[in-house]
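Participant: First, the structure itself, so that you have it in front of you.
The values are calculated or read from the model by the stated rules, or taken from the named source; none is laboratory data. Keep in mind that this is a model prediction, so the values were computed, not measured. Here the Cβ is made from the backbone with ideal geometry for all residues, glycine too, and neighbour counts use every protein chain on show.
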Amino acid sequence: MRFVEKLLILLSGEHETLPVAEIKAIAEGENLRIRDIRVLDQVCILTGDDGLGDAIARRAAYVKTICKYLFSCNTNLHEIYDSVKSLNFSEIFCEKSSFAVRIHRIKNYSPDISAYELQRRIGAIILEAFGKRGIMVNLRSPDVIFIGFLTAGRFVFGIVEKVIERISFKRRAPQFRPYAHPSSMNPFLSRCMVNLSRATSGDVFYDPFCGVGGFLIEAALIGCRVLGSDIDPKMVLGSRKNLEFYDLPYLDVFLCDARSFSTIGRVDAIATDPPYGAASSTKGEDPEKLTRMFLENSESVIKRGGYVVVATPHKFDIGGLLKSTNLKLLEIHSVKVHQNLTRRILVLKRD
């Protein structure tokens, strides 16, 4: 029998659809069920199998904070205070003696409510519940951090369980690697695309346009056995150098044309960012044709039920790319790179 946990998650707010899609993909990849999910602006409330919060904390790129969910209500002060008073604080403070309350306003929601005053009043209610004995406010290192979010006409309240150290992603930015290339994707989106592929620890993950190894680094960090290839010998050497810089193991990084990699055997997941011919070279091939040929070829290596996640420019004809494949299009996410380029992230599944 699986235990169930109810989570309140603060999303990064960097993208409209990718954070929730990433959470769902992590759950599927880790074989954990999400039984219910409610999405608000930059916040989601979900009920899922025990261990889901740990998996999200370990893997997600677009999550900031994971909390134990306590309640949500309308942004009416009387309703908020009554909801706080109804909580079982004796259970919450079991063997704990200090707390802090933090209120965050998402964007400009509920401008008529003072976050500071709300924070102060909720703290007073908690102290009153204990008759001001045995429990104290500690703003520096509290045993319990209560956190509330004002968002989209709702007030959502919980207890902080994990704060994601997103600085580690920034430290893996392309410019900090031994071998860099201007076409490299940032680690946040690279990790998200790896997660969208449903790859998990022990799986064979493959990037056939590996460049300098951004996707391979992120996949290896979550425990995948990684394979990479590229048509450019410099990229192959650069990818190996970068993986070794982070002391990450890999199965192989080798020279290969992505139009004909059918001899590598079965892999569990593929995520990749093919060259479009701007900062990265297509070696004379039409970029759209190159992507189409890669997708056709990918069916020879991806396992049945496996996922292929690929980035393409918005101008590519998706129907044409998939016409000669048995890959089913499940999701499309648009990511603006700059004025002249919007990427579309395609999540495909092999029947």
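Participant: Could you grab the pairs with beta carbons closer than 6 Å, sequence gap of 6+ or different chains, first residue in region 232-260 and under 15 Å from Y206 (Cβ atoms), second one of a type in the set (S, T, Y)?
Facilitator: Every condition considered, the pairs that remain are L243/Y250; V253/S239; F254/S229; C256/S229.
Participant: Being more than 22 Å from the chain's Cα centre (by Cα) and either part of a loop (DSSP other than H, G, I, E, B) or among the aliphatic types (A, V, I, L, M) (or both) is the filter here, so list the residues in region 290-313 that pass it.
Facilitator: Within region 290-313, L290, M293, L295, E299, S300, V301, I302 meet the criteria.
Participant: Search region 193-227 for residues being among the polar types (S, T, N, Q) and assigned to a loop (DSSP other than H, G, I, E, B), and hand back the single one that is farthest from the chain's Cα centre (by Cα).
Facilitator: Within region 193-227, the match that is farthest from the chain's Cα centre (by Cα) is S201.
Participant: State the number of residues belonging to region 233-268 that are part of a loop (DSSP other than H, G, I, E, B) and surrounded by 13 or more Cβ atoms within 10 Å (Cβ to Cβ).
Facilitator: 9
Participant: Still on this structure, I have one more. Within region 15-37, which residues are in a loop (DSSP other than H, G, I, E, B) and either modelled with pLDDT of 95 or more or surrounded by fewer than 16 Cβ atoms within 10 Å (Cβ to Cβ) (or both)?
Facilitator: The answer is E16, T17, E30, N31, L32, R33.
Participant: Counting only residues that are more than 16 Å from the chain's Cα centre (by Cα) and assigned to a helix (DSSP H, G or I), which one in region 170-192 is surrounded by the most Cβ atoms within 10 Å (Cβ to Cβ)?
Facilitator: Only one residue tops the list, namely P174.
Participant: Note down all Cβ pairs under 7 Å where the first residue falls in region 71-88 and is within 18 Å of Y116 (Cβ to Cβ) and part of a loop (DSSP other than H, G, I, E, B), the second is of a type outside the set (V, I, T) and at pLDDT below 95, and they're at least six residues apart or on different chains.
Facilitator: Within 7 Å, the pairs are T75/G153.
Participant: A follow-up question, please. Could you count how many residues in region 32-54 are without any contact (Cβ under 8 Å) to a residue 60 or more places away in the chain, over 23 Å from V144 (Cβ atoms) and either out of contact with any Cys (no Cβ under 9 Å at 6 or more places or on another chain) or among the aliphatic types (A, V, I, L, M) (or both)?
Facilitator: Of the residues in that region, 8 qualify.
Participant: OK, next. Please determine whether any residue of region 153-169 is among the aliphatic types (A, V, I, L, M), over 20 Å from the mean Cα position of the chain (by Cα) and either closer than 28 Å to V253 by Cβ or in the same structural domain as G265 (by TED's automatic domain parsing) (or both).
Facilitator: Within region 153-169, not a single residue is among the aliphatic types (A, V, I, L, M), over 20 Å from the mean Cα position of the chain (by Cα) and either closer than 28 Å to V253 by Cβ or in the same structural domain as G265 (by TED's automatic domain parsing) (or both).
Participant: Suppose the filter is touching a helix residue (DSSP H, G or I) at 6+ places or on another chain (Cβ under 9 Å), surrounded by 13 or more Cβ atoms within 10 Å (Cβ to Cβ) and touching a residue at least 24 places away in the same chain (Cβ under 8 Å); does I106 pass it?
Facilitator: The answer is no for I106.
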